[in-house]
Amino acid sequence: MQQPLSTGHGAPLQNSSTAPECHQQVPSKAPLAPTAGLYNFTYYQNNYQAPVHNVVRPSLCPTSLGAPQGPGQMHTALPLGPNLITASPQFDPAFVSTPPQVGYVPNLGHYPGQVHYSVPSQNTTQGIPPNSSYPGFSYHAMPVFSTQYNAHLTSQTLHPATRQPLVGVLPGHVKPLPETGQRPIQASFQPCPAGDAAASWQPLSRASMTTSAGPVTNPPVAASSPNSQTSAGVESSSSTSSSTNASLPNNYDALEGGNYQDSTSSAATAPAASDPRPLKSSKPFGYAYPTLQPGYQNVAPPSHSVSQPTGPGYSPGPPQFTEPFSSVDQLSSNMEGLNSRNKRRTEALRQVSLLQERDILPPVPNMIPQSNLSQELKKLNCSPDLFRCTLMNIPQSQALLNKAKLPLGLLLHPFKDLTHLPVITSSTIVRCRTCRTYINPFVSFLDQRRWKCNLCYRVNDVPEEFMYNPLTRSYGEPHKRPEVQTATVEFIASSDYMLRPPQPAVYLFVFDVSHNAVESGYLNICCQSLLENFDKLPGDSRTKIGFITFDSTIHFFNLQEGLSQPQMLIVSDIEDIFLPTPDSLMVNLHESKELIKDLLKVLPTMFTNTRETHSALGPALQAAFKLMSATGGRISVFQTQLPSIGVGCLQSREDPNQRSTAKGVQHLAPATDFYKKFALDCSGQQVAVDLFLLSGQYSDMASLACMAKYSAGSVFYYPSFHHIHNPAQVEKFQKDFKRYLIRKIGFEAVMRIRCTKGLSIHTFHGNFFVRSTDLLSLANINPDSGFTVQMSIDENLVNTSIVCFQAALLYTSSKGERRIRVHTLCLPIVKSVPDVYAGADVQAITCLLATMAVDRSVSSSLSDARDALVNAVVDSLSAFRSTVSNLQRSVLVAPNSLRLFALYILALLKQQAFRTGTSTRLDERMFAMCEMKTQPLVHLMLTIHPSLYRIDNLSDEGSIVVGDKTIPQPPILHLSIEKLSKEGAFLMDCGSVMYLWVGKSCNNNFISEVLGFPNYASIPQNMTHLPELNTTLSQRTNNFISWLRDNRPFLSIIYIVNDDSPMKVNFYQKLVEDRTESALSYYEFLLHIQQQISK
């Protein structure tokens, strides 16, 4: 009898506390028969009966992370107690981390060599726990958490009444908007009560994830094994030496130090998973009452006095007697800073008549508003490329925020590639003992031995080792340490931050080899790129790799060291997938190097004559999960058509005749919950899934993208891909795949965002899994993904002048190091509506609203999302007119800080994700939505509102010098056809694509010197390259385009557009200020806004 697959794919998980069982090598049911070519084929017939134990069982998950569960959530939390592991782990002395030799590393690349310095009190090197199942990496066994990935835990949690083992259940992350049964009357940004008929973006449960849930009929029980706990690694080490911890946290909430408990009362009570108390009662983001740090009182004095918190651990410290201004120069400097802030505020609040002023574009694409912070604090603040808030001045209360009618949120790019990153190796990672905040530039030192946290204001002791300053090589200067001088730092974490040995880099490639895939020619490009970048894959001596191909059957490849050639093993029973040789399908990259290269050379030709048209994607994914669940890692899936057979098969849902109507935009939600359940299972085992969709036909992106969305993966889409007919897509795929292979990667990661008490996070956007109220599980983290967070003000911020946000990303590097990257952002608090408007970041607001609109489109409808976007503009401009503006009520005005708001929202409405009236393929629309959820701000803004330049008259005037190249800086033009001239040439930068439009009467000198053709008529229709000619104009043009391209991770295709070009329509559609048959012009849109405000 065939056994059902117990991973949530169509069958509920069994209540078992054992870890996934190892699949034994299948006995020979059919003789191994060599066939033509270099391969031996082992073919398992359909009548082969699967082994009895071919069942993946969930392991014990000692977590207690449940939040109050609503009926719309996917999981139900079990009533687990707060102490889930009954036996306290007593670690072998060899495993407990010993203080390493301390080092400070200015990172100029990915992971450079470290320059060590000696600490007077610590002179030992960090020990790595020995005896592991990984080659070349030894660890001693731990009593409670087994170092074997597929071994069960030796200590179980028993139900207090039944004494039966419990399986922890991950919290649900989707709470759909309430269905009203009728179309909402109005769409607005303001939160409304559940069940209200108004269409708005409501703050969901803090533990909710905003991506719309699929039609989950049987809620899966996500099993967590020792795998899923590693990322937990316990980002909760003490603020003193890391070796002082008596025990390690054993659940996800304690993982990154999320429990706000005093070190003297570690057994403080906390709500259990099933506790019905609301989340508001807990204080996960701050503690006590913050005030302005004494260390900065001479910079930005508070407007009122605040009493010092009292209680255990809150030492009042010595009184701070600081002279307001120690010299005339300091007084003058402070006065200049005050005048500068007043000028910025006046300029930001300058009233702009939108219907009269036309030239409103900024001089640069990525404009960043300034906050009211002093110059000293600004120098210490986190880079806006990494951490950005929609409001640079935080309102003092939610009521004040509601008056301004602006959203409050954060945009993060936490793993961005940096040219300079301080990397710190130390046995002491200094953190607040209450709120677990990492020490940062915005803390204050009361004296050399005590520092005050800038989030909860607890007074903490300065560890002895922290007294040594590695930069000056002096003792007694903790305030000059790199951790306190830089808002972005990275720590090399000790073994206290791991619950198992760091996992190796493991890569599994799953290739579609059906007839459609072979015809596209993508497989040859993939294999060639893998061969070229084989030695550049991130990893170390433990790196593993494997390959699966599929059509109507699943093909495995035995690459075990010692074989003379690879072996192909075919499993045709897709209803009950098993692994034919489990131990030889994932192999060490270096030990089997030659076999892997042999396979990559022959693989593109193995299926050349195939006539198999079916695609068994679902069974291939099940097989991939079986291979990867023991270790974690990354699965790269390549798909070229709609999955047609086996579990997860899909049917075409697109009606080409309904592509352009708002009512016809249906099927934005997944058709099946298989891919979502699969992703949740992968996330629980620290496996991320990346999807490459290369298809010219409908492939149901809405369903397939779920495998990346819920497992912290990425989605890549190449429509109409063909190796002959679409050379531009081929070039982009080649460059993108190379970047994908060699870019930095982090494994088994978690990220937590902390903020000052009174603020709270209620919604996350991006690709991840929400473990608890503020903890994101990221099986993989890459440098090209961004995240968005919606926030609210729960309590009035009356006792502080500034607020701080801190994002901590705990991950395992490809070299097997546990690292913590910390970003800290500081912003001022304001008490008036004008000050809120003065600090509005219109680009960040637009990107936040875009991610919210994607969720509204999926959970409700596209028309509701469009209405809500328009009402966001109406509400904010109406509020400004009623509270700040002194002009006539008939004039449509906006503060200078929001002068582009209406333009950006109009551009968003005309973007591929939200446009109507224009024929848009469903897969292309869904991919655009996926991009909006994951792209960092700087790239997303180019997608929403491209930059237009005239480039036929480039000069060195105003240029910049980068390296040895001179880069022209032409002005940005409005996206309107009236800015185009038939005598010129114009470059439109849309982020992932560029268009070079050439006018009919363009100067022949430009055409010949830049394009390499004698005249306009000789320009080919499908030109996608600019030649590098030995002319001044060619060098300027290529330097400028290369400079634009260098600032983004993936290749931007460039299309040369003339009247005969097939890309002409695409170019004109990007001119968002012009009227089309189905959309308003910018001027008409402003009139519509004015009409709505006047109602």
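The values are calculated or read from the model by the stated rules, or taken from the named source; none is laboratory data. Remember, it's a predicted structure, so these values are computed and weren't measured experimentally. Positions of Cβ are generated from backbone atoms using ideal geometry, with glycine treated the same way; all protein chains shown enter the neighbour counts. Ligands, DNA and RNA are stripped out before the accessible areas are found, and what is left, the full protein with its side chains, is counted by its heavy atoms. Shrake-Rupley method; radii C 1.70, N 1.55, O 1.52, S 1.80 Å.
Miscellaneous remarks
- Heavy-atom surface of the stretch 565-645, accessible at 1.4 Å and reported per residue (Å²): 29 Å²
- When all protein chains stay in place and ligands, DNA and RNA are ignored, the 1.4 Å accessible-area order of F1013, F509, largest first, is F1013, F509.
- Compactness relative to 2.2 N^0.38 Å, alpha carbon Rg of the stretch 536-638: 1.07
- Among 768-781, 968-981, 935-948, 520-533, the peptide with the highest mean count of other Cβ atoms within 10 Å heads the list, and the full ranking is 768-781, 935-948, 520-533, 968-981.
- Treating each Cα of the stretch 405-449 as one equal point scatterer and applying the Debye formula with no solvent, the log10 of I(q)/I(0) at q = 0.27 Å⁻¹ comes out as -1.18.
- Size-normalised alpha-carbon gyration radius of the stretch 392-535, reference 2.2 N^0.38 Å: 1.64
- Net charge of neighbours whose Cβ lies under 13 Å from the Cβ of F387, counting Lys and Arg as +1 and Asp and Glu as -1: +2
- With N the number of residues in the stretch 952-1095, Rg(Cα) / (2.2 N^0.38 Å) evaluates to 1.19.
- When you count the other C-beta atoms within 10 angstrom of each residue and take the mean per peptide, 700-710, 393-403, 823-833, 348-358 line up highest first as 700-710, 823-833, 393-403, 348-358.
- Under 22 Å from K982, Cα to Cα: lysines that are on another chain or at least 8 residues apart: K1000, K1064, K1070
- Scanning residues 5 or more positions from A669 or on other chains, none has an amide H under 5 Å from its amide H, with H placed 1.01 Å from N in the peptide plane.
- What you get for the stretch 588-722, charging only the Cβ of Lys and Arg (+1) and of Asp and Glu (-1), is a dipole of about 140 debye around the Cα centre.
- A Cα-only calculation for the stretch 1034-1077 places Rg and Dmax at 13.6, 40 Å.
- Here the mean projected area of the convex hull built on the C-alpha positions of the stretch 973-1037 is 4.8 nm².
- Accessible surface of K910, taken over heavy atoms with a 1.4 Å probe and every protein chain present, rounds to 30 Å².
- Checking the Cα-Cα distances for K416/K452; K626/K677; K452/K480; K709/K910; K626/K815 against a 18 Å cut-off, the pairs over it are K416/K452; K709/K910; K626/K815.
- Accessible-area composition of the stretch 485-576, carbon plus sulfur, in percent [1.4 Å probe]: 40 percent
- Accessible area expressed per residue, the stretch 663-740, with surrounding protein chains retained (probe 1.4 Å, Å²): 25 Å²
- The figure for T672 is an accessible area of roughly 30 square angstrom, using a 1.4 Å probe on the protein chains alone.
- The stretch 333-413 shape via C-alpha gyration tensor axes, a/c threshold 1.5: rounded
- Neighbourhood charge, 14 Å Cβ-Cβ cut-off, centred on R1048 and excluding it, Lys, Arg +1 and Asp, Glu -1: -1
- Three-way shape call for the stretch 859-994 based on the alpha-carbon gyration tensor, with the a/c threshold at 1.5: oblate
- When the Cα gyration tensor is reduced to axis lengths a ≥ b ≥ c, the ratio a/c is 1.5 or higher for the stretch 801-850, and with a/b not above b/c it is classed as oblate.
- Karplus-derived 3J(HN,Hα), 6.51/-1.76/1.60, for each residue of the stretch 600-605, Hz, glycine and proline x: 5, 6, 9, 3, x, 9
- Net charge, F445 excluded, C-beta distance under 13 Å - Lys, Arg +1, Asp, Glu -1: +1
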